[in-house]
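Remarks on the structure that follows.
Throughout, read-outs are computed from the coordinates displayed, never taken from laboratory work. Note that the structure is a prediction, hence the values are computed from the model and not measured. When we count neighbours, we look across all protein chains shown, and the Cβ atoms used for this are built from the backbone with ideal geometry, even at glycine.
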Amino acid sequence: MSESTYWLLAKGMGETLYMTFTAGFFSFLIGLPLGIFLFLTRERQLLESPGWNRVLSFFVNIFRSIPFIILIVWMIPFTRLIAGTSIGMNAAIVPLSIGASPFVARLVENSLLEIPYGVIEAARSMGATTFQIIRKVLIPEALPSLINNASLTLITLVGYSAMGGAVGAGGLGHIGYQYGYVGYDAFIMNTVLILLILIVFLIQFTGDRLSRYVDHRK
Amino acid sequence: MIRLENIHKTFLKKHHKIEALRAINLQVDKGDIFGIIGYSGSGKSTLVRTINLLERPDKGAVYYKDVEISAFSENQLIPYRHKIGMIFQQFNLLASATVFDNIALPLRLQGIDSAAISTKVNELLVLIGLQEKKEDYPSSLSGGQKQRVAIARAIASDPEVLLCDEATSALDPQTTRTILALLQEINQRLGITIVLITHEIEVVRAICNKVAVISNGEIVEQDSVENVFAQPQSAITRELLNPSLSLHQ
């Protein structure tokens, strides 16, 4: 491998990791509170509200129905507003975060549903406020499952970020497309694939280890 | 100490009304171990939850020391909930927290400083005899040990009342006896009034001084344990006292 190819791939890998983790961070920043709210407004839960639940659920479903490649294009005006530009790595983070956050919200909601209702009831009987229940009961009890869902989200974002190549986001996906699909350089294309697989395995491995470390249920 | 006046509660299940509680009147005095007994589906779980208002009645009033707490909002109820501890059939401990942290939870919710919490929790660990399990997680404990931790957690904020929702129903007879002995000790040594609900007459016989029999959401009998055992007034009570004749087994 020539030195220039090496640096090309290293740069691509760095860009993919940057996009994945930054978008992962922002999608949890939006998706976590959204998921908690979806959970709390459900029937028999602390902030039970069929109206709010339906409205929120509606928007989450809409955003989850839009194919990511279309979301990127559809969101261009908004992306320009937030990132100042509609092309490049930082611009891609906007649709990546927005695209993943409804997905995260649903995952968070499902994690919270695994908590036995009695545990929440016990906290209420102690005089815990809703906010205290979120902080001291819901999040710690769901943590192993939330970590698993974070790995799932990050892995999905690795794939999505490759599509970001469409808006000149860079990253391994862009290199694979440019040199592999367009330029037909089999070596670079295969190396890109191996690197993507490596990233996915690494995220899964770390996530599993972390989740097991904080899981005291068994 | 606790007075329930004309409590009604109806649940809507799939467009189908279920009257869980009907015209319940009940009085628990300080120092009582008050048993509420009934078969499953009789409404006793709902009844015990109206005392700390985990379930709000549709009609009627709940008084705690002559204060009508059923008129309060969730936030106004917080100081009262500190005074009314509760334990459950399924223990409901935090799986993610150690024994120490589980018992400390109600104190942390009240913002008590960590030195005071540590002293209090260690005292409670001695009371329940689980000092050496302090750093263990609930998953490594037996059912009886979990219920002991739950009891310690429920009395950590020095409540005046302890509600027990089928606290021994998930335990074997041997463990049930040790848990009942612990409840009795808490009642006598710490002066905590206990309200317990159960479907086992043996539990009432072992530690209660007063009993109410509930059936189909109504209290059919309410008196001292001696009177009820000596002269049961209702058919349900006679059936509960003599389970060998019962079809509910």
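I need the full set of residues from segment B:100-119 which are farther than 20 Å from A:Tyr117 by Cα, assigned to a helix (DSSP H, G or I) and more than 8 Å from chain A (Cβ to nearest Cβ), in order please.
Let us first name the residues in segment B:100-119 that are farther than 20 Å from A:Tyr117 by Cα, namely B:100, B:104, B:107-108, B:110-119.
With the extra rule that they be assigned to a helix (DSSP H, G or I), the set shrinks to B:100, B:104, B:107-108, B:114-119.
Result: B:Phe100, B:Ala104, B:Leu107, B:Ser114, B:Ala115, B:Ala116, B:Ile117, B:Ser118, B:Thr119.
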Checklist entry - If you take the residues of segment B:120-151 that are facing chain A (nearest Cβ under 9 Å) and either in a helix (DSSP H, G or I) or free of Cβ contacts under 8 Å to residues at least 40 places away in the same chain (or both), which of them is surrounded by the most Cβ atoms within 10 Å (Cβ to Cβ)? => result B:Ala150
Checklist entry - Within segment B:11-31, which residues are within 19 Å of the chain's Cα centre (by Cα), in a strand (DSSP E or B) and small (Gly, Ala, Ser)? => result B:Ala20
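Does segment B:95-117 hold any residues that are more than 28 Å from B:Thr175 (Cα to Cα) and not aliphatic (A, V, I, L, M), and which are they? Show your work before the answer.
Applying the first criterion (more than 28 Å from B:Thr175 (Cα to Cα)) to segment B:95-117 yields B:108-117.
Passing the criteria: B:Arg108, B:Gln110, B:Gly111, B:Asp113, B:Ser114.
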Checklist entry - Restricting attention to segment A:179-193, does a residue exist that is within 12 Å of chain B (Cβ to nearest Cβ), buried (at least 22 other Cβ atoms within 10 Å of the Cβ) and part of a helix (DSSP H, G or I)? => result no
Item to check | Odd one out for B:His8, checked against (1) away from every other protein chain (no Cβ under 12 Å); (2) within 18 Å of the chain's Cα centre (by Cα) | outcome: (2)
Item to check | Boolean, B:Asn92 is under 29 Å from B:Pro173 (Cα atoms) and facing another protein chain (nearest Cβ under 9 Å) | outcome: yes
Item to check | Matching residues in segment A:103-160 - criterion: being closer than 27 Å to A:Arg54 by Cα, of a type in the set (Gly, Ala, Ser), in a helix (DSSP H, G or I) and touching a helix residue (DSSP H, G or I) at 6+ places or on another chain (Cβ under 9 Å) | outcome: A:Ala105, A:Ser111, A:Ala123, A:Ala142, A:Ser145, A:Ala150
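Of the residues in segment B:152-168, how many are assigned to a helix (DSSP H, G or I) and either more than 12 Å from chain A (Cβ to nearest Cβ) or surrounded by fewer than 17 Cβ atoms within 10 Å (Cβ to Cβ) (or both)? Explain how you work it out, then say what you get.
Filtering segment B:152-168 down to residues assigned to a helix (DSSP H, G or I) leaves B:152-155.
Going one step further and asking which of them are either more than 12 Å from chain A (Cβ to nearest Cβ) or surrounded by fewer than 17 Cβ atoms within 10 Å (Cβ to Cβ) (or both), we end up with B:152.
The number of residues fulfilling the criteria is 1.
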Item to check | segment A:114-166, residues that are within 30 Å of A:Ile72 (Cβ to Cβ) and at the interface with another protein chain (Cβ under 8 Å from one of its Cβ atoms) | outcome: none
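Do we find a residue being exposed (fewer than 15 other Cβ atoms within 10 Å of the Cβ) and either within 18 Å of the chain's Cα centre (by Cα) or more than 20 Å from A:Ile134 (Cβ to Cβ) (or both) anywhere in segment B:72-85? Reasoning before the result, please.
Step one: list which residues in segment B:72-85 are exposed (fewer than 15 other Cβ atoms within 10 Å of the Cβ), which gives B:73-76, B:79.
Those left that are additionally either within 18 Å of the chain's Cα centre (by Cα) or more than 20 Å from A:Ile134 (Cβ to Cβ) (or both): B:76, B:79.
Scanning segment B:72-85 turns up at least one residue that is exposed (fewer than 15 other Cβ atoms within 10 Å of the Cβ) and either within 18 Å of the chain's Cα centre (by Cα) or more than 20 Å from A:Ile134 (Cβ to Cβ) (or both).
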Checklist entry - Can you tell me which residues in segment B:74-89 are without any contact (Cβ under 8 Å) to a residue 12 or more places away in the chain, more than 7 Å from every other protein chain (Cβ to nearest Cβ) and closer than 26 Å to B:Lys44 by Cβ? => result B:Glu74
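Of everything in segment B:32-58 that's surrounded by fewer than 14 Cβ atoms within 10 Å (Cβ to Cβ) and away from chain A (no Cβ under 14 Å), which residue is farthest from the chain's Cα centre (by Cα)? Lay out the reasoning, then the answer.
Residues of segment B:32-58 surrounded by fewer than 14 Cβ atoms within 10 Å (Cβ to Cβ): B:40-41, B:56, B:58.
Adding the requirement that they be away from chain A (no Cβ under 14 Å) leaves B:40-41, B:58.
Values: B:Ser40: 16, B:Gly41: 17, B:Asp58: 21 Å.
Here the answer is B:Asp58.
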